[in-house]
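Enquirer: Pasting a structure here, questions to come.
The values are calculated or read from the model by the stated rules, or taken from the named source; none is laboratory data. Here the structure is a predicted model, which is why all the values come from computation and not from measurement. Here the Cβ is made from the backbone with ideal geometry for all residues, glycine too, and neighbour counts use every protein chain on show.
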Amino acid sequence: MAFVIAVDGPAASGKGTIATRLGAMFGLPVLDTGLLYRGVGVLTERAGADPDDPRAAGAIAATLTAGQLDDPALRTRAAGELASRVAIHHPVRAALLDFQHTFAGQPGGAVLDGRDIGTVICPQAPAKLYVTATPEVRAERRWKQLKGQGEDVGYDDVLADIRKRDARDGARDAAPMVAAPDAQLLDTTEMTIEQAADAARRIVEAARARWEGSQETT
Ligand code: DC
């Protein structure tokens, strides 16, 4: 397979920033797969359908296009909650598979970040990271981000959101959030973004060297 970097982890762990940095460092396109679920959640609600109805949300997922992912409404707190709700449905996850596989299959490789990239979407990815941080630190990062976007929200509410989403994303039976057995754990609790990006680069460089070695022998 092409050189795919799978970056998984819980909400606001830093995985999105790390994925973007890795894309720039290694010259690879980046897909934030959370946007797909955010898109399905927001579009389902806009259509007046029920996000908790697997068939309704699955039908919307089947119509999702790349052009719909730029909408700033997908970055809100409400969109994150809707995303986590529609993400438990098997038909939603099935409808989004092709898009993710096509992105991952680009000849030069790709970076994908999400919850199930290293376990379900690209289990053969040559480089896998599972990025974590304590719920409190993640809540603080997400709270600052939301405030920066102009959302009027308190830290305690953001922490409660994070805990609820961790529980829902980790407990669902469809592709639950879990580290792949062969993923490298990266705990960013005590790290600046520069330190986290640097640690991620070292992990990926080592994986790339192994991958290049395996390409020569096949
Ligand atoms: O990464 P994020 O916060 O944008 O993700 C929003 C929600 O989407 C998350 O709570 C669970 C879901 N999601 C998922 O189930 N699988 C993915 N690969 C990415 C996101």
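Enquirer: What are the pairs with Cβ atoms under 6 angstrom where one residue, in the stretch 24-40, is within 13 Å of the ligand (Cβ to nearest atom) and the other, located anywhere, is among the charged types (D, E, K, R)? Sequence gap at least six, or different chains.
Expert: The qualifying pairs are 32/113.
Enquirer: Go through (1) out of contact with any Leu (no Cβ under 9 Å at 6 or more places or on another chain); (2) small (Gly, Ala, Ser); (3) within 12 Å of the ligand (Cβ to nearest atom); (4) over 30 Å from residue 184 (Cβ atoms) and name the single condition residue 61 misses.
Expert: So residue 61 meets the others, but not (1).
Enquirer: Mind listing just one residue for me: the one in the stretch 83-92 that is surrounded by 23 or more Cβ atoms within 10 Å (Cβ to Cβ) and under 25 Å from residue 4 (Cα atoms) and, of those, farthest from the ligand (Cβ to nearest atom)?
Expert: Restricting to residues being surrounded by 23 or more Cβ atoms within 10 Å (Cβ to Cβ) and under 25 Å from residue 4 (Cα atoms), the top hit is 92.
Enquirer: Residues that are in contact with a Pro (Cβ under 8 Å, 6 or more places away or on another chain) and either near the ligand (Cβ under 10 Å from one of its atoms) or of a type outside the set (Gly, Ala, Ser) (or both): does the stretch 42-49 have at least one?
Expert: Filtering the stretch 42-49 for residues in contact with a Pro (Cβ under 8 Å, 6 or more places away or on another chain) gives 44-45.
Still in the list and also either near the ligand (Cβ under 10 Å from one of its atoms) or of a type outside the set (Gly, Ala, Ser) (or both): 44-45.
Checked against the condition, which is being in contact with a Pro (Cβ under 8 Å, 6 or more places away or on another chain) and either near the ligand (Cβ under 10 Å from one of its atoms) or of a type outside the set (Gly, Ala, Ser) (or both), the stretch 42-49 yields at least one hit.
Enquirer: Taking the stretch 145-190 on its own, how many of its residues are touching a helix residue (DSSP H, G or I) at 6+ places or on another chain (Cβ under 7 Å), over 18 Å from residue 115 (Cα atoms) and touching a residue at least 60 places away in the same chain (Cβ under 8 Å)?
Expert: Number satisfying all stated conditions: 5.
Enquirer: In addition: How many residues are touching a strand residue (DSSP E or B) at 6+ places or on another chain (Cβ under 8 Å) and either assigned to a helix (DSSP H, G or I) or surrounded by fewer than 19 Cβ atoms within 10 Å (Cβ to Cβ) (or both) if we restrict to the stretch 133-149? Give the steps one after another, and end with the answer.
Expert: The first filter runs over the stretch 133-149 and keeps only residues touching a strand residue (DSSP E or B) at 6+ places or on another chain (Cβ under 8 Å), leaving 133.
When the remaining residues are screened for being either assigned to a helix (DSSP H, G or I) or surrounded by fewer than 19 Cβ atoms within 10 Å (Cβ to Cβ) (or both), the result is none.
The qualifying residues number 0.
Enquirer: Could you give me the residue pairs with C-beta distances under 7 Å whose first residue belongs to the stretch 58-76 and is β-branched (Val, Ile, Thr), whose second residue is modelled with pLDDT under 95 wherever it lies, and which are 6+ apart or on separate chains?
Expert: If the second residue must be modelled with pLDDT under 95, the pairs left are 76/151.
Enquirer: Given the criterion hydroxyl-bearing (Ser, Thr, Tyr) and within 12 Å of the ligand (Cβ to nearest atom), identify the matching residue among 119, 192, 132, 188.
Expert: On the way: 192 fails: within 12 Å of the ligand (Cβ to nearest atom); 132 fails: within 12 Å of the ligand (Cβ to nearest atom); 188 fails: within 12 Å of the ligand (Cβ to nearest atom).
Within the list 119, 192, 132, 188, the selection yields 119.
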